[in-house]
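Every number here is computed from the coordinates shown, using simple stated rules; none is lab data. Computed from a predicted model, the values in this text were never measured in an experiment. Positions of Cβ are generated from backbone atoms using ideal geometry, with glycine treated the same way; all protein chains shown enter the neighbour counts.
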């Protein structure tokens, strides 16, 4: 594999991480689930021991959440290419959530952000690069 091919894979995988955050914040659940391989696995940072597997289960998990305002901020994304069809990454996430004030104004911030880490595995599929696994964990606990 050439360095240019490796850089292209790194870019595609980093793009998935960023797109995931934007779709999650926008509540675009079907598009978000489509970023996973059909048998993709996810664990939320707040539930690292509770895997959710497959498109149907992922969509059910996302749509079951109560509505909220959120902003996922991704940083320190490092992608390691393992082959032409597999890669892995680690990144840091800061999650800010807010409540609807009920007056049509800006959401009210619900305290300090949650800070965590995602460890991802990617697979090249017929639909392009997708998450094979997205495992989240919190790095700090609330006081």
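Things worth noting here:
- Exposure proxy for 78, 33: other Cβ atoms within 10 Å of each Cβ, ordered fewest to most, give 78, 33.
- Global form of region 51-108, assessed from the alpha-carbon gyration tensor, a/c cut-off 1.5: oblate
- Kirkwood-based shape ratio for region 30-135, expressed as Rg/Rh from alpha carbons: 1.02
- Nearest 10 degrees, 0 to 90: helix 3-26 Cα axis against the chain principal axis: 20
- The chain: angle of helix 55-64 to the longest principal axis, Cα-based, in degrees nearest 10: 20
- Put a dot 7 Å past the Cα of residue 115, heading toward its Cβ, do the same for residue 139, and the two dots end up 0.6 nm apart.
- Theoretical ellipticity at 222 nm over the chain - DSSP helices of four or more residues, -39500 (n - 2.57) apiece, nearest 500: -8500 deg cm²/dmol
- Between region 4-59 and region 69-143, the alpha-carbon center distance in angstrom: 9
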